[in-house]
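Heads up: the structure comes next, in structure tokens.
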């Protein structure tokens, strides 16, 4: 159940679930302590709240448990060609005409948006990217472009 659909008791328990997960309590321990402190919530409702809190807190705890003397392999510092800072992302292969050499090129690009877009709006994002960043401004808008293949993704 998404957070926006939580019941009143789940919303009231959320802060305690976050605290319990942060302290390393199990789901059952957190539920017992919440109820011992006067909290009222059903078992299934608590499980949903605790699991949502643990999804966030659990990663922090896992990272904190990595020994300080471990070295991180160099390949983990290699930059990748994707950027997931936007909520919705489109990675695509685009075929566009480069007038400086008189031929069509294929280029991998990524565009993002905080809102879910229609295909037409995604294509407008691609055209804007090509006009602003594509091959040092060599994109010829009069010839248009062709999306070869694409992969759309939503963050978290």
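Overview of values
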item: Those residues of the stretch 1-46 which are out of contact with any helix residue (DSSP H, G or I) (no Cβ under 6 Å at 6 or more places or on another chain) and closer than 24 Å to residue 65 by Cα, in sequence order; result: 15, 19, 23, 24, 25, 26, 28, 29
item: Residue 129 being over 19 Å from the mean Cα position of the chain (by Cα), crowded, with 17+ Cβ neighbours inside 10 Å, in a helix (DSSP H, G or I) and at pLDDT 80 or above; result: yes
item: Condition met for residue 116 (at pLDDT 85 or above and under 20 Å from the mean Cα position of the chain (by Cα)); result: yes
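The values are calculated or read from the model by the stated rules, or taken from the named source; none is laboratory data. In this text the structure is predicted, and so the values were computed from the model without any measurement. Here Cβ is always computed from backbone atoms with ideal geometry, including for glycine, and neighbour counts include all displayed protein chains.
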